[in-house]
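The values are calculated or read from the model by the stated rules, or taken from the named source; none is laboratory data. Remember, it's a predicted structure, so these values are computed and weren't measured experimentally. Cβ atoms come from the backbone with ideal geometry, glycine included; neighbour counts cover every protein chain shown.
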Amino acid sequence: MKALIAVLPGDGIGPEVVREGVRVLQAVAQRHGHDFTLVEADFGGVAIEATGEPLPQATLDLCLKSDAILLGAIGGPKWSAPDAKARPETGLLRLRKELAVYANLRPVAVHPALRSASTIRPEILEGVDLVFVRELTGGIYFGAKTRDATTASDLCSYSVAEVERVTRVAARLAQARRGKLTSIDTSNVLETSRLWRETVTRLMKAEFPDVTVEHALVDSAAMHLIRRPADYDVIVTENMFGDILTDEASMLAGSLGVSPSASLGDGTRGLYEPIHGSAPDIAGKGIANPVGTILSVALLLRHSLGLEAEAKEIEGAVYRALDAGLRTADIASVEVNGGKSVSTSEAGDVILRQLASA
Ligand code: NAD
């Protein structure tokens, strides 16, 4: 298969983890005879340095003509001063909007080998296999902002159409999985949440009667997520709640470093990135965990290129590597290898070896 893939390494540990993701993509292409053209472009803080803008026009043009985009992470202290003229994060919000990727999928499966890396008791983690679908291009992050000397406001708004399209993505996923959808809102307080709940209820009844739907309030859902996480299948929620809850859920898996994400719209083009940020505290040390990025590559092959077997091969290689004791510093434990850990590129080597033996 032929595909154009935009590669945006970004800032901090972004280039370190993306390097390993690219090696895996190239290995899969070679193994299966695919013709992937990978084109790198500046995005985020590095782009601000080079052009003054976090999302230069050339980068946006490349992304718009690509079949998929692989992103590392962006941002860092250098560009986060309160009076900064250009911010990496505004580039990311704009890229998501321009690509119209309104559904952010974040699978959280706790691999048995990593149960001890989590701060949650291992027995609570047994059988955890859930997917968050976070609305990504609406809500308070995109609403009008006001500010004067003593007051500030951020507008949160949602339309029926915005809620419907992200609910459909979540419902289709639930159909292909265990048939259960949990919609999280705060309909006891917010008008946008009341619209959200009414819309989800109506749409699910009309279009997905085979999926069981439950509604939950965001505060108690935050608690249940770490009390009985194995009960969830697919969770759909609005932008800001999803932002917060998905970071909470990622800790079930032991580290921010192991979780992938896919951002999808109406077509097959998608934006794929690990859920973590640029981790300035460890950038340049060569110790970042590349697993979240490599699993994002698997999602890219599955959702944008329709290469399910190749996606499964990568996931299998990662899980076998973890079973065999692969540990970067963030998931190191004394029970495994006496707490010793490998570097980012060594982790890539181990996963590539597993892939070659698949
Ligand atoms: P972060 O995710 O970068 O780091 C949080 C903690 O997790 C740090 O201790 C870090 O060392 C660790 N960590 C993260 N990824 C890891 C990995 N792959 N391997 C090992 N350890 C890992 O979050 P932060 O510190 O709050 O944010 C740092 C910067 O990243 C900020 O500028 C923020 O805006 C940006 N950010 C970007 C994105 C994105 O690009 N989508 C997402 C979140 C944060």
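Within the range 25-42, not a single residue is at pLDDT 95 or above, within 12 Å of the ligand (Cβ to nearest atom) and not small (Gly, Ala, Ser).
Within the range 73-98, the set of residues being part of a helix (DSSP H, G or I) and within 14 Å of the ligand (Cβ to nearest atom) comprises Pro77, Lys78, Trp79, Pro88, Glu89, Thr90, Gly91, Leu92, Leu93, Arg94, Leu95, Arg96.
Residue by residue, here is whether (1) touching a residue at least 40 places away in the same chain (Cβ under 8 Å); (2) not charged (D, E, K, R) holds:
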{"residue": "Asp266", "(1), (2)": "yes, no"}
{"residue": "Ile287", "(1), (2)": "yes, yes"}
{"residue": "Pro290", "(1), (2)": "yes, yes"}
{"residue": "Ala317", "(1), (2)": "yes, yes"}
{"residue": "Gly339", "(1), (2)": "no, yes"}
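Of the residues in the range 215-230, none is within 12 Å of the ligand (Cβ to nearest atom), under 26 Å from Glu164 (Cβ atoms) and not assigned by TED's automatic domain parsing to the domain that holds Val291. Restricting attention to the range 103-118, the residues being within 16 Å of the ligand (Cβ to nearest atom), not in a helix (DSSP H, G or I) and not small (Gly, Ala, Ser) number 5. With respect to being more than 30 Å from Ile13 (Cβ to Cβ), outside the structural domain of Ser296 (by TED's automatic domain parsing) and crowded, with 21+ Cβ neighbours inside 10 Å, Asp233 falls outside the description.
Condition check ((1) outside the structural domain of Pro15 (by TED's automatic domain parsing); (2) surrounded by fewer than 16 Cβ atoms within 10 Å (Cβ to Cβ); (3) more than 20 Å from Val7 (Cβ to Cβ)) across all residues:
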site: Leu55; (1), (2), (3): no, no, no
site: Ala58; (1), (2), (3): no, yes, no
site: Ala68; (1), (2), (3): no, no, no
site: Ala73; (1), (2), (3): no, no, no
site: Lys78; (1), (2), (3): no, yes, yes
site: Ala84; (1), (2), (3): no, yes, yes
site: Arg87; (1), (2), (3): no, no, yes
site: Gly91; (1), (2), (3): no, no, no
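Within the range 262-276, the set of residues being at pLDDT 95 or above and within 12 Å of the ligand (Cβ to nearest atom) comprises Ser263, Leu271, Tyr272, Glu273, Pro274.
Within the range 269-282, the set of residues being farther than 12 Å from Ile74 by Cα and among the hydrophobic types (A, V, I, L, M, F, W, C) comprises Leu271, Ile282. Annotation: of all residues in the range 7-53 being under 22 Å from the mean Cα position of the chain (by Cα) and basic (Lys, Arg), the one that is surrounded by the most Cβ atoms within 10 Å (Cβ to Cβ) is Arg23. Does Ile69 satisfy being under 19 Å from Leu295 (Cα atoms) and away from the ligand (no atom under 14 Å from the Cβ)? No; evaluated as a whole, the condition is false for this residue.
Scan the range 58-77 and tell me whether some residue there is among the polar types (S, T, N, Q) and touching a helix residue (DSSP H, G or I) at 6+ places or on another chain (Cβ under 8 Å).
Looking through the range 58-77, at least one residue is among the polar types (S, T, N, Q) and touching a helix residue (DSSP H, G or I) at 6+ places or on another chain (Cβ under 8 Å).
State the number of residues belonging to the range 245-274 that are among the β-branched types (Val, Ile, Thr) and either buried (at least 24 other Cβ atoms within 10 Å of the Cβ) or outside the structural domain of Leu105 (by TED's automatic domain parsing) (or both).
Final tally of qualifying residues: 2.
One residue stands out in the range 123-161 among those that are among the acidic types (Asp, Glu) and under 20 Å from the mean Cα position of the chain (by Cα): the one that is surrounded by the fewest Cβ atoms within 10 Å (Cβ to Cβ), namely Asp129.
Only residues that are more than 6 Å from the ligand (Cβ to nearest atom) and within 15 Å of the chain's Cα centre (by Cα) were counted across the range 277-291, and they come to 2.
Is it the case that the range 167-186 has a residue that's in contact with a helix residue (DSSP H, G or I) (Cβ under 7 Å, 6 or more places away or on another chain), at pLDDT 95 or above and more than 27 Å from Asp266 (Cβ to Cβ)? Scanning the range 167-186 turns up at least one residue that is in contact with a helix residue (DSSP H, G or I) (Cβ under 7 Å, 6 or more places away or on another chain), at pLDDT 95 or above and more than 27 Å from Asp266 (Cβ to Cβ).
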